[in-house]
Amino acid sequence: MQRDSLKADSIAKKSGQLPGAILPGHRIVAFYGNIRSKGMGILGREPKEQMFRKLEKVLGEWQAADPSRPVQGAIHNVAITAQGTPGKDGKWRLMNSKATIEEVIRWGKEHNVIVFLDVQPGHSTLQAELPKLEPYLKDPIVHLGIDPEFSLATMPGVRPNQKIGTLDAKDINFTINFLARIVSENKLPPKVLTVHRFTRKMVSNYKNIKLDPRVQVVMHMDGHGDPTLKKDSYKAYIVNEPVQYTGFKLFYEYDARPKPHHIMTPEEVIALTPSPLYVQYQ
């Protein structure tokens, strides 16, 4: 593992990134949700082919807004979801079935987009949950998202959605090392890791996050509201506590209400500094 890491570092120092890396050469534009739920986002809310037609249109809008950077389409499926009930083991989370996760990956291959599997650990931990996804992460098109909002292991007795959860740098470092090992063992291109964030306390000790060229880390501004609020959140929690790459979320149902609020356009998001290289629609 150490030898692989040193080799990866030496390649990255020469070229800036490892072969097959998606970032920063591309901008990822993703539809988020769960294919078994109409309430979690655009992915799952609309019938499959209708949703993919909309995604294709959105990808075209982003490519037109920034012709200099190729757009990589993605679907971002919450594979481990925080729950309103504790379940048999009291961990307040539920994993998609093997059949559902395989179907998501099949959708990605059918439509030539990459796939993110997202984890809301509830009262479990990333250390306990991520190994369940390893078989799927061996596929080169599959990447990972982790959601501190629904990470409540340090908050006994708190149910999801009562309080905003948190992850520490040590949890993110565990995730980076977990993905880096999968990349090396399976000779894969680098994985992309998205970390959702819209408050300061959602990620602690960000300066201690240790990067690895086998894993491309996106700190993703996940808040909804009017454009001014979203820009302020992006600056306060993403730009002012930099890690590697940045992301920005757009909400079809929430950002445009009440009027005159609106869903930010590709041009408006691209104009942010730094310009987000991962954009997600919910």
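Observations, loosely collected:
- Counting DSSP beta bridges with both ends in the range 1-281, the antiparallel % (nearest 5): 10 percent
- Using θ = phi - 60° and Karplus 6.51 cos²θ - 1.76 cosθ + 1.60, couplings along the range 98-115 (whole Hz; Gly, Pro as x): 4, 4, 5, 5, 5, 5, 4, 5, 5, 4, x, 5, 4, 10, 6, 10, 7, 10
- The GNM of the chain, with springs linking C-alpha atoms under 10 angstrom apart, assigns the highest mean-square fluctuation among GLN72, GLN120, GLN63 to GLN63.
- Residue among LEU229, LEU94, LEU193 with the largest mean-square fluctuation in a Gaussian network model of the chain, springs linking Cα atoms under 10 Å: LEU229
- In terms of distances greater than 21 angstrom between alpha carbons, the cross-link table entries LYS170/LYS207; LYS170/LYS230; LYS54/LYS230 yield LYS170/LYS230; LYS54/LYS230.
- Normalising the average separation of contacting C-alpha pairs (under 8 angstrom, six or more residues apart) by the number of residues puts the relative contact order of the chain at 18 percent.
- Extents of the range 130-186, taken as max minus min of Cα coordinates on every principal axis and listed largest first, are 39, 19, 14 Å.
- Summarising the amide proton neighbourhood of PHE116: residues at separation of 5 or more, or on other chains, whose placed amide H is nearer than 5 Å comprise ILE75, HIS76, ASN77, HIS143.
- Taken per residue, the accessible surface of the chain reaches 45 Å², heavy atoms only and a 1.4 Å probe.
- The 3J(HN,Hα) values that the Karplus relation (6.51, -1.76, 1.60; θ = phi - 60°) gives for the range 227-233 are, in residue order, x, 4, 4, 5, 5, 5, 5 Hz. Gly and Pro appear as x.
- Theoretical ellipticity at 222 nm over the chain - DSSP helices of four or more residues, -39500 (n - 2.57) apiece, nearest 500: -9000 deg cm²/dmol
- Averaging over all projection directions, the Cα-based convex hull of the chain occupies 14.4 nm² in the image plane.
- Computed 3J(HN,Hα) for the range 259-267, one whole-Hz value per residue from the Karplus formula 6.51 cos²θ - 1.76 cosθ + 1.60 where θ = phi - 60°, is 4, x, 4, 8, 6, 4, 7, x, 4, glycine and proline marked x.
- Directionally averaged projected area (convex hull, Cα atoms, the range 161-282), nm²: 8.2 nm²
- Cα-Cα over 27 Å, subset of LYS231/LYS259; LYS48/LYS259; LYS38/LYS210; LYS132/LYS191; LYS88/LYS191; LYS91/LYS163: LYS48/LYS259; LYS38/LYS210; LYS88/LYS191
- Where a label projected 7 Å from the Cα of GLN162 along Cα→Cβ would reach, residues of the range 107-130 with amide N under 16 Å: 122-124
- Volume of the Cα convex hull of the range 113-221, divided per residue and given in Å³: 97 Å³
- Basic side chains Lys and Arg get +1 at the Cβ, acidic Asp and Glu get -1 at the Cβ, and with that the dipole of the range 134-282 about its Cα centre reaches some 300 debye.
- Pairwise label distance in nanometres, ILE263 with GLU185, each label 7 Å out on the Cα-Cβ vector: 3.9 nm
- With every protein chain in place, the chain: carbon and sulfur % of accessible area (1.4 Å): 54 percent
- In this structure, the amide hydrogen of TYR281, modeled 1.01 Å from its nitrogen in the peptide plane, lies closer than 5 angstrom to those of ALA30, PHE31, TYR32, LEU250, counting only residues at least 5 positions away or on a different chain.
- The range 144-211-the range 45-90 distance, computed between alpha-carbon centres (Å): 20 Å
- The magnitude of the dipole of the range 10-107, with charges of +1 and -1 set on the Cβ of Lys/Arg and Asp/Glu and taken from the Cα centre, is near 220 debye.
- For the range 223-273, the square roots of the Cα gyration tensor eigenvalues, ordered a ≥ b ≥ c, give a/c of at least 1.5 with a/b greater than b/c, which places it in the prolate category.
- For the range 36-149: Kirkwood Rh in Å [reciprocal of mean 1/r, alpha carbons]: 15.3 Å
The values are calculated or read from the model by the stated rules, or taken from the named source; none is laboratory data. Note that the structure is predicted; figures quoted are calculated from it, not measured. Every residue, glycine as well, gets a Cβ built from its backbone with ideal geometry; the counts of neighbours run over all protein chains shown. Ligands, DNA and RNA are excluded from the accessible area calculation, which covers all protein heavy atoms including side chains. Shrake-Rupley method; radii C 1.70, N 1.55, O 1.52, S 1.80 Å.
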